[in-house]
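Each reported figure results from applying straightforward, stated rules to the coordinates on display, with no laboratory input. Everything numeric in this text was worked out from a predicted model, so none of it was measured. Positions of Cβ are generated from backbone atoms using ideal geometry, with glycine treated the same way; all protein chains shown enter the neighbour counts.
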Amino acid sequence: LTRDRTLEAVVSTQSTGMKESGSRDILGHIIQFDELHVGYEVKSDSGSYAAASMHNLLVLLDLTTDQEMMDEGLAREVINRIQKLRKKAKLVPTDKISIFYKIDGKKKDNADVMRAIKNYSDMIVTGVKATLSDQQAPENVIISEEVDVKGSKFELTLCGDVKKTVSSGAAVQWPQGRPTGQYFTVTHQGVSREVLLAPNGNQLSAMRLENEVKAMFGLFGRSVTMSHQGSPIKCSTRDLTFLSGSTVTITAA
């Protein structure tokens, strides 16, 4: 790193004097000590840095992206592709599945993704809540598709004995008027759905509503917050009748 020692000495001397007197006259203008701000510009041939200072403390942040950070980013991209495939197959978070991938290790473009999957397999498994394997997929295939991660193309296959049943009817649309039963509206990023408070005669709980919401808006693997009149709804809430006729806002992280 390089630094102008002369400028540093001048600034240090003047700022010390200002601190003792509380101000300084510069070209006829009185400058108060609390108006003084010293900025640093870091120049280096060995990397990229950001600097921040407060009083006598100088902090340098190394902005250089290393291989480990890039691999973690690729692993998160793999998680994203799996979740999108899950959404496309209309799976819900409670569906038990296994994930299989097939990637050509001889292609140079696939080397980075292969390394990322190997080094961050635990993170991927935790993120998608399913097992991950590079073995041959079994016969109970739900969906299989070629995906692209930063130019690396490989096959993802979701397998499992998932039995699709008729919808519970919690989420409904009403082309010819509103229902006679109690209902409320859920909205996420400008998209709204009407939800029955007692679909098929079964009272809707907050925990079940959260699962329905994730299925409605494709929020698998994400943390969801359900808010009513600005206050979050607790997952332990079993009686949601207070929501009748109102709107619940959904946010996802």
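Of note:
- Where trypsin sites (Lys or Arg not before Pro) fall in DSSP loop in the stretch 92-127, at most 16 other Cβ within 10 Å: 96, 106, 107
- Derived scalar couplings ³J(HN,Hα) [the stretch 219-230; Karplus, 6.51 cos²θ - 1.76 cosθ + 1.60; whole Hz; x for Gly, Pro]: 10, 4, x, 10, 7, 10, 10, 10, 10, 10, 6, x
- Taken along the Cα-to-beta-carbon direction at a fixed 7 Å, the label points for residue 57 and residue 191 span 4.5 nm.
- For the stretch 225-252 versus the stretch 99-157, the spacing of their alpha-carbon centroids is 37 Å.
- Between residue 225 and residue 246, the distance separating the two model label sites (each 7 Å from Cα on the Cα→Cβ line) works out to 1.7 nm.
- Inter-label distance for residue 182 and residue 148, nm, one decimal - labels placed 7 Å from Cα along Cα-to-Cβ: 5.0 nm
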